[in-house]
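Any read-out appearing in this document is the output of simple, stated calculations on the displayed coordinates, not a laboratory observation. Since the model is a prediction, treat every value here as computed from it, not as a measurement. As a convention, Cβ positions derive from the backbone with ideal geometry for all residues, glycine included, and neighbour counts pool all protein chains shown.
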Amino acid sequence: MRLRPDQLASHLQRSGLAPIYFVSGDEPLQKLESIDQIRIAARAHGYEERLVFNVDKSFDWNSINEASANLSLFSSRRIIELRMASPKPGKEGGKVLFEYTEQLNEDNLLIISSDKLDKAAQNNKWVKAVEKVGALIQVWPVNPAQLPGWIQTRLQSKQKRITQDAARLIALRVEGNLLAAQQEIDKLILLIDKDSIDIEDVIAAVADSSRYDVFDLIESAFLGDTDRTLHMLQGLRSEGTEPMALFGAWMWEFRRLCSIKHQQEAGASLEGLYKSYRIWDQKKRPMNAVLQRHSCKSFDHLLKFCATIDRTLKSSRRDQAWDQFNALLLAIAGANTYKLQLT
């Protein structure tokens, strides 16, 4: 079966424990909370011992077989946790995990965790077997538009209400970091001794713990969201991001964008180009927006400005590159590109 993280609690209460759970995703808070819920339910069902295996290149997959087969000295039931960075355990690991699904031991509960499970990995034989006998839980990041609602729901579960403006302010300050958002929620519950929280309460209590990602910044500029783009750029600068690293990520994405635009204007199918450049559905909206906004001519002008930034980064004036990034991203988001100074 497949479950969303928000379905897990009712599943555990209604259906009891499945023999295997596979929790995958790149968002740490929801992944950790899902695993914690399974552990708590397992302890309530008498699973008292816990074995943890961290998979690396030298991992011996026979350890899983041995843990499953050997009787515990301390408990009649135990949790076996298998922590994988990649959802692709290789031929040997896949074989062991598939065989595990065919020889289930009711005294063992297997919890597998990994980074995001892509479409190709979902078709692996062992994953399908786990989904058949157990539960597959895929954790997805909460996007910026959803974050205020996520914060309100969290506080409601603690018998607190929060105004929409106050939730938006928290979302702005902790953007991209659910762990930080949860910490701020916990802080508000402790500090605010009333049922309803407003924006003044948040201003007084919430620290600015934003975390920004370079590729999220680029996507925001592609979408034309100037306020969010500039806020994220300032956040990256405040966090001490190396400007050369930001420029390198930008140039990788921008060269790809320029290539797509030139081929599109030459008559190539945009859907065909997306497939060729491996741009999946969730990335098409920002790509469509920026391609509609700019022509090959404006991209060529922006590329020349990128050369200006490159010279700045390699000079004694490298701190000035942040102001140039500011101008570049505004231009990408829709400002007049011809105001950029090519010096």
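Taken one residue at a time, the phi angles of segment 237-253 give Karplus couplings (6.51, -1.76, 1.60, θ = phi - 60°) of 5, 5, 6, x, 4, 6, x, 5, 5, 4, 5, x, 5, 4, 5, 4, 6 Hz. Gly and Pro are set to x. Rounded to 0.05, the FRET efficiency of the A307 and W280 pair, given R0 = 25 Å and the Cβ-Cβ distance, is 0.25.
In order along segment 260-274, phi translates into HN-Hα couplings of 4, 5, 4, 5, 5, 5, 7, x, 6, 5, 5, 5, x, 5, 4 Hz, rounded to whole numbers, per the Karplus curve 6.51 cos²θ - 1.76 cosθ + 1.60 with θ = phi - 60° and x for Gly and Pro. Computed across segment 147-205, the Kirkwood radius stands at 10.9 Å (inverse of mean 1/r, all Cα pairs).
In this structure, the amide hydrogen of V139, modeled 1.01 Å from its nitrogen in the peptide plane, lies closer than 5 angstrom to those of S24, G25, counting only residues at least 5 positions away or on a different chain.
Straight-line cross-link reach from K275 at under 20 Å between alpha-carbon atoms covers these aspartates and glutamates, not counting any fewer than eight positions away in the same chain: D118, E219, E253, E265. Highest mobility in the GNM of the chain, judged by mean-square fluctuation with C-alpha springs under 10 Å and restricted to K88, K119, K158, is found for K119.
Size of segment 214-339 from its Cα atoms: along the principal axes, largest to smallest, the extents are 43, 26, 24 Å. A full extension of the chain between D107 and L190 corresponds to an added length of 25.9 nm, given 0.36 nm per residue minus the alpha carbon distance. Distance from the Cα centroid of segment 243-259 to that of segment 98-144 is 35 Å (rounded to whole angstrom). Counting 0.36 nm for each residue step from T153 to M251 and taking away their Cα separation leaves a gain of 31.4 nm. Helix content alone sets the calculated 222 nm mean residue ellipticity of the chain: runs of n ≥ 4 DSSP H residues at -39500 (n - 2.57) each, divided across all residues, give -17500 deg cm²/dmol. When the chymotrypsin sites (Phe, Trp or Tyr not before Pro) in segment 67-141 are filtered for DSSP coil states and for at most 16 other beta-carbon atoms within 10 Å of their beta-carbon, the remaining sites are F74.
Legend: residue pairs K57/K125; K31/K194; K116/K187; K116/K158; K132/K284; K91/K116, Cα-Cα distance threshold 23 Å; pairs beyond threshold, K31/K194; K116/K187; K116/K158; K132/K284. Could you work out the percent of alpha carbon pairs in segment 85-211 separated by over 27 Å, rounded to a whole number? Roughly 44 percent, rounded to a whole number.
For S15 and Q292, FRET efficiency with R0 = 41 Å and r from the beta-carbon atoms, rounded to 0.05? Efficiency computed from Cβ-Cβ geometry: 0.30.
Peptides 291-302, 322-333, 12-23 ranked from most to least packed give 322-333, 12-23, 291-302, packing being the mean of other C-beta atoms within 10 angstrom over each peptide's residues. Counting every alpha-carbon pair across segment 2-139, the share separated by more than 23 Å comes to 27%. Evaluated at q = 0.07 Å⁻¹, a Debye calculation over the C-alpha positions of the chain (equal weights, vacuum) places log10 I(q)/I(0) at -0.42.
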